[in-house]
Amino acid sequence: MSEAPVGVFDSGVGGLSVLGEIRHLLPNESLLYVADCGHIPYGEKSPEFIRQRCAIIAEFLQRQGAKALVVACNTATVAGVADLRRDYPDWPIVGMEPAVKPAAAATRSGIVGVLATTGTLQSAKFAALLDRFATDVRVITQPCPGLVELIEAGDLHSPALRQLLQGYVTPLLAAGCDTLILGCTHYPFLKPLLKEMVAADISLIDTGAAVARQLQRLLAERMLLAEGPASETQFWSSGDPAHLRKILPMLWKSSGVVRSFDL
């Protein structure tokens, strides 16, 4: 069972940023990845719809033999991870959450900015994070409609993307934020561009590495860490597999076989 793969899914390609952190920390683990590109963006969908997608994809990955599940999407975690843990009590499941705690510890100005989807920012889970970890800092939230769609198209550099991102970041910097939370798994792919926009002393924080460490802990507790070697990562897309195949070298730094996910 320890050599069984780890299943990872996201609304699209954003979870590849988390997949990369898992691959870096746990190189012996075989990985399965489902990109629900046919239903992106989750941030604009109803919680009930997202829960349904989570259930369908989780069942699929369990049938593929996944020994653990990583919900590599903040919006899907907010809407669906509690139901998944209820329905699969013996399955190690790791979700995402915006990095409010480390950001609150890192800020020097006491002002933290959050770039995230509308669904994440409006959630009770996010409000609970603020109540728990951000009572001593000021948190300014910035919904970022349009960013996910551009990243899904493989656009990380265009003038249109730069203008959109600048419009979201500028008010946060003007308000005195010295720490920016990247509250969507797509946004770490924009770090190179963000670093061109902000001063060197502005901290950019995401949770991909923390999720990989939590997965490592859960697998170790259950004696499920693989000895390797890892098999080739398998990919599925509910959108156009050819499109995911085309942008994998950009976001995953490797090519791969992509199958159609259509349930």
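Values quoted throughout were computed directly from the atomic coordinates according to the rules given, and no laboratory measurement underlies them. Keep in mind that what you see is a predicted model, and the values were worked out from it rather than measured.
Brief remarks on what is shown
- Only aspartates and glutamates eight or more places from Lys67 in sequence, or on another chain, were considered; those with a Cα closer than 17 Å are Glu3, Glu29, Glu59, Asp87, Asp90, Glu221, Glu227, Glu232.
- Of all aspartates and glutamates in the structure, the ones whose alpha carbon falls short of 17 Å from that of Lys195, not counting any fewer than 8 places away in one chain, are Asp155, Asp178, Asp206.
- Evaluating 6.51 cos²θ - 1.76 cosθ + 1.60 at θ = phi - 60° for every residue in segment 67-81, the Karplus couplings come out as 8, 8, 10, 10, 8, 8, 8, 4, 5, 5, 4, 4, 7, x, 5 Hz, glycine and proline recorded as x.
- Rg over Rh for the chain works out to 0.95, using Cα positions for both radii and the Kirkwood form for Rh.
- For Ser203, the residues whose modelled amide H falls within less than 5 Å of its own, excluding neighbours fewer than 5 places apart on the same chain, are Thr179, Leu180.
- Vicinal HN-Hα couplings computed from phi for segment 132-143 (Karplus, 6.51 cos²θ - 1.76 cosθ + 1.60; Hz; Gly/Pro x): 7, 10, 10, 5, 9, 10, 9, 10, 10, 9, 9, x
- Descending semi-axes in Å of segment 1-155, equivalent ellipsoid built from Cα gyration tensor: 27, 18, 16
- Fluctuation leader among Cys184, Cys73, Cys144 - the chain, Gaussian network, Cα springs under 10 angstrom: Cys144
- Radius of gyration over Kirkwood radius for segment 100-205, both on Cα atoms: the Rg/Rh ratio is 0.95.
- Scalar couplings 3J(HN,Hα) for segment 201-209, obtained by applying the Karplus form with A = 6.51, B = -1.76, C = 1.60 to θ = phi - 60°, are 8, 8, 8, 10, 10, 10, 10, x, 5 Hz; x denotes Gly and Pro.
- Crossing angle, helix 47-63 versus the chain [Cα axis fit, 0-90 degrees, rounded to tens]: 40
- Relative contact order for segment 23-165: 20 percent, from Cα pairs under 8 Å spaced at least 6 residues apart, divided by residue count.
- Cα-based reach from Lys253 at 20 Å (exclusive), listing lysines while leaving out same-chain residues under 8 positions away: Lys191
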